[in-house]
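The values are calculated or read from the model by the stated rules, or taken from the named source; none is laboratory data. Just so it is clear, the model here is predicted, and its values are computed rather than measured. When we count neighbours, we look across all protein chains shown, and the Cβ atoms used for this are built from the backbone with ideal geometry, even at glycine.
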Amino acid sequence: MAEDFGERTERATPRKRQEARERGQVARSADLAAGVLLLGAFAALLAWGERMAAGTARLVRACWGGAGAPDFTVAGASAFLAQQALAAAAVLAPFVLVTVLLAFLGNFLQVGPLWAGELVRPDIGRISPGRGLRRILGPRGLVRTVMGVLKIGCIALVVYLVLARHVDPRGGAPLFAFFGEDLAGALARANRAACELGIACGAVMCLLAILDYGYRRWQHEADLRMTKLEVREEMQRFEGDPKIKERRRRVQRQIAFQRCLREVPAADVLVTNPSEYAVAIAYDERADAAPRVVAKGEGALAARIREAALSAGVPVVQRPPLARALYALVDVGHEIPRQLYEGVAEVLAYVWRIARARRRERVA
């Protein structure tokens with residue numbers, strides 16, 4: 001019994017998950033956010049690199065040409081600088097917007113909207129040497145070390161494979177074969193090589209980061225696990241003692257049962273299954289738009305309702321299909337739906353016809 005209460009074998013309750021989230025304890029991989037940012041940034045650079053280079057060249061020529069113009073004065077410098085600043089913003093805006101959006105999405109898609117005020121509060125324990133050593137030398141530190149070595153090795157291999165495609169084809173030192181090309185061609189080739197390298201490294205980082213995120217999510221779930229005693233105490237603290245809740249539900253059922261029995265004498269007819277279901281129906285032509293269910297029950301409650309109806313002189317009619325439909329479709333106090341009008345009207349007409357016949361017999 002003590003082991004059951006001491007071992008963390010139970011999944012965290014929604015309340016504990018919410019408290020951990022408010023403290024900033026969520027499953028998050030910084031490598032995944034960095035990999036997405038790196039991959040997207042270099043993909044954007046590959047898509048807009050030539051356009052950005054052309055825009056930058058125009059901007060440089062405009063700056064040098066404007067500054068060297070004979071009519072360039074101090075008075076016109078402000079307008080000239082503002083114009084060139086807008087031109088520079090137009091050149092860089094797509095790339096900057098993409099990188100900012102990716103930096104946001106890389107974290108948002110992992111944890112969603114989150115504000116953890118406790119993370120920004122001063123806490124001297126965060127700089128504790130003992131806690132830092134435990135993080136480094138513990139099992140989690142070992143996993144992080146292995147993941148770091150694996151990441152460095154994979155990225156180094158990718159860098160080698162990408163750069164090997166851009167070495168001098170004539171042999172010799174592994175240098176980019178830029179010699180003998182004009183400046184524009186060399187820059188274009190360097191841009192393609194840099195983008196290819198960045199995209200490849202970003203893709204590898206994303207793949208490794210998926211493993212890292214899976215491990216962190218598993219570790220986060222393990223950290224949140226609770227003992228059976230903790231689950232029971234939390235239920236008592238926030239939802240009440242289960243025994244008290246059961247006693248309250250039992251009292252509510254008893255009150256509902258007594259209310260049903262009180263309404264039975266006012267019914268016009270009791271439709272039964274005959275023993276499984278019992279549904280009491282009342283209809284006042286002056287007040288009701290349609291017949292109403294005033295009481296219903298199944299099993300033992302149906303038997304008690306039947307006894308109350310017989311004691312009060314309420315007619316009992318056996319209509320199994322109609323009784324099942326009324327019990328399933330109509331709540332107590334509600335009017336019957338249109339699809340049951342015909343069946344209920346037939347029963348009421350039958351009951352009223354018998355009642356009139358009995359009144360005539362008594363008069364005679």
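Results, tabulated for the structure shown:
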item: Test: residue in region 115-132 that is modelled with pLDDT of 75 or more and at negative phi; result: no
item: Selection within region 246-263 - surrounded by 13 or more Cβ atoms within 10 Å (Cβ to Cβ) and either over 20 Å from Ile281 (Cβ atoms) or in contact with a helix residue (DSSP H, G or I) (Cβ under 8 Å, 6 or more places away or on another chain) (or both); result: Phe257, Cys260, Leu261
item: Residues satisfying the stated conditions in region 321-334, i.e. of a type outside the set (A, V, I, L, M, F, W, C) and surrounded by 14 or more Cβ atoms within 10 Å (Cβ to Cβ); result: Arg324, Tyr327
item: Residues that are in a helix (DSSP H, G or I) and either out of contact with any strand residue (DSSP E or B) (no Cβ under 9 Å at 6 or more places or on another chain) or of a type in the set (A, V, I, L, M, F, W, C) (or both), drawn from region 326-342; result: Leu326, Ala328, Leu329, Arg338, Gln339, Leu340, Tyr341, Glu342
item: Complete set of residues in region 16-34 that are in a helix (DSSP H, G or I) and closer than 13 Å to Gln110 by Cα; result: Arg21, Ala30, Asp31, Leu32, Ala33, Ala34
item: Test: residue in region 179-188 that is surrounded by 15 or more Cβ atoms within 10 Å (Cβ to Cβ), of a type outside the set (Ser, Thr, Tyr), assigned to a helix (DSSP H, G or I) and at pLDDT 80 or above; result: no
item: Any hit, region 237-246, residues being modelled with pLDDT under 80, more than 27 Å from the chain's Cα centre (by Cα) and not in a helix (DSSP H, G or I); result: yes
item: Filter result for Ala266 (exposed (fewer than 15 other Cβ atoms within 10 Å of the Cβ) and more than 35 Å from the chain's Cα centre (by Cα)); result: yes
item: Matching residues, region 273-329, being more than 46 Å from the chain's Cα centre (by Cα) and among the aromatic types (Phe, Trp, Tyr); result: Tyr283
item: Residue list for region 241-273, filter: among the aliphatic types (A, V, I, L, M) and more than 20 Å from Ala300 (Cα to Cα); result: Ile244, Ala266
item: Selected residue (criterion: surrounded by the fewest Cβ atoms within 10 Å (Cβ to Cβ)) from residues of region 301-320 that are of a type outside the set (Gly, Ala, Ser) and in contact with a strand residue (DSSP E or B) (Cβ under 6 Å, 6 or more places away or on another chain); result: Gln318
item: Options Gly35, Gly40, Gly68; residue that is in the same structural domain as Thr227 (by TED's automatic domain parsing), among the small types (Gly, Ala, Ser) and either modelled with pLDDT under 80 or out of contact with any helix residue (DSSP H, G or I) (no Cβ under 7 Å at 6 or more places or on another chain) (or both); result: Gly68
